[in-house]
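Quick notes on the structure that follows.
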Amino acid sequence: MDFAYDAKTEELRTKLLAFMDSHVYPAEAVLEQQLHDASDPWERQPILEELKAEARRQGLWNLFLPDAEHGAGLTNLQYAPLAEITGRSPHLAPEALNCAAPDTGNMEVLTMFGTDEQKKQWLQPLLDGEIRSAFCMTEPEVASSDATNIATRIERDGDDYVINGRKWWSSGAMNPNCAIFIVMGKTDPDAERHRQQAMILVPRDTPGVTVKRAMHVFGYGDHAHGGHAEIEFTDVRVPASHLIAGEGEGFAIAQARLGPGRIHHCMRLIGMAERALELMCRRASSRVAFGKPIAAQGVVHEWIAESRVRIEQARLLVLKTAWLMDTVGNKGAHTEIQAIKIGTPSMTEWVLDKAIQAHGGAGVSQDFPLAELWAATRTLRLADGPDEVHRMSLAKRELKKYV
Ligand SMILES: Cc1cc2nc3c(=O)[nH]c(=O)nc-3n(C[C@H](O)[C@H](O)[C@H](O)COP(=O)(O)OP(=O)(O)OC[C@H]3O[C@@H](n4cnc5c(N)ncnc54)[C@H](O)[C@@H]3O)c2cc1C
């Protein structure tokens, strides 16, 4: 077993770490200011476009996509430590590298299942970072953690499909540059449970599409990410050629999409935890209470040591999962993908909580990234499937061995 990163990964890590120091961290305050000054906070902020141009120039682009024709052609194991680094600044770095959700998942779907025409019209501009996209699965009216509940209808009418339904938590969709939605709905409610669904491409400007409002996340608008929209689809008509793969394929596409998406979140979460630990160590070392640095308190030692242990444990399991995805495929890595999706957000949440505590009031303020990182981390115990659903499925798989 070799725990070292290979030469290509090391080369990209060095380049990315330098890019983070020279461009990304200094841009955090600039982004904050630009969002503050913007007349419309959903407009693209110029600093993001500058970062994207620079990242692309340096070859730090589309690193997430294993497909060498369209992306960087890295394995999951090669990409994992790079995604981890971008997680240290999750509002800027992933998008700067064109590696941000939900675009990554949508690009994977189009790469795997798109027709040549769909690729030309939507995949290429996404790969070039010219447009953004949203993935519309979750609905306000039904418990969407069970995706078979999805009620939106996609009905064939002559050469078109007509879509009716309501979605929410469509990440990125508040951004006016978000030009295309991948919408999941039912083409045949009478078919077998997992064959009722389909996915279809809906351009944002199609008549009948109404972006109703932005959902808040613990009060944050999540502007840099393009927010999370509630969207109504009323008699939305698109050509039949907009269907992805075919009627009845929606559930299978959702499964294919979520595997890589989940591990990418976990990779970035490890970077968030590393940043929290770094901030905790710096702050606790620099402030004195009751005659000694806060870092000298036994309880703080415990937080720091425990954080290091938990981060290393999570990283090793994420790397093993990446390696399994590369060697036996996403299906073969199913149990591990669920294990990291259960374990990593909780780990990062724990480390962030201790880092916030060590900062005192500053920890929950706008002067440090901790509060916003905590909010983002907490949502990942819900997004891409709540913890309980992954636990249920993992436990069932484990029990099968004994039945
Ligand atoms: C910040 C954020 C971004 C998101 N981005 C997107 C996006 O881009 N596109 C998209 O389509 N969706 C997105 N989502 C939605 C997310 O995937 C759903 O919220 C999630 O799947 C849960 O669905 P639900 O909200 O309908 O919860 P419900 O299905 O109503 O579930 C509520 C709770 O019930 C419990 N529960 C459910 N099943 C079980 C079980 N078997 N055993 C025990 N307990 C159970 C869980 O605790 C669960 O949290 C996002 C959500 C957030 C918060």
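The values are calculated or read from the model by the stated rules, or taken from the named source; none is laboratory data. Source: prediction; values computed, not measured. Cβ placement follows ideal geometry from the backbone for every residue including glycine, while neighbour counts extend to all protein chains displayed.
Odds and ends about this structure:
- Scoring residue 336 on the criteria (1) within 16 Å of the ligand (Cβ to nearest atom); (2) under 30 Å from residue 4 (Cβ atoms) leaves a single failure, condition (1).
- Here the helices (runs of 4 or more DSSP H) wholly within the range 11-97 that include at least 2 residues being without any contact (Cβ under 8 Å) to a residue 24 or more places away in the chain are 25-37, 46-57.
- Being within 25 Å of residue 279 (Cα to Cα), within 18 Å of the chain's Cα centre (by Cα) and polar (S, T, N, Q) is true of residue 348.
- Among the residues examined, residue 211 qualifies as within 16 Å of residue 42 (Cα to Cα) and either buried (at least 23 other Cβ atoms within 10 Å of the Cβ) or not assigned by TED's automatic domain parsing to the domain that holds residue 334 (or both).
- On the stretch given as the range 232-248, residues that are crowded, with 20+ Cβ neighbours inside 10 Å and touching a Gly at 6+ places or on another chain (Cβ under 9 Å) total 3.
- Residue tally, condition in contact with a strand residue (DSSP E or B) (Cβ under 8 Å, 6 or more places away or on another chain), of a type in the set (A, V, I, L, M, F, W, C), within 16 Å of the ligand (Cβ to nearest atom) and farther than 21 Å from residue 223 by Cα, over the range 114-172: 5
- Helices (runs of 4 or more DSSP H) contained entirely in the range 302-403, each with at least 3 residues that are small (Gly, Ala, Ser): 334-359, 370-379
- Residue within the range 240-258 that is under 26 Å from residue 98 (Cβ atoms), of a type in the set (D, E, K, R) and in a helix (DSSP H, G or I) present: yes
- Selection status of residue 299, out of contact with any Lys or Arg (no Cβ under 9 Å at 6 or more places or on another chain) and either in the same structural domain as residue 73 (by TED's automatic domain parsing) or farther than 26 Å from residue 88 by Cβ (or both): no
- Hey, residue 6 modelled with pLDDT under 95 and of a type in the set (D, E, K, R) or not: no
- The selection criterion, being at pLDDT below 95, surrounded by 20 or more Cβ atoms within 10 Å (Cβ to Cβ), outside the structural domain of residue 102 (by TED's automatic domain parsing) and not small (Gly, Ala, Ser), holds for residue 223.
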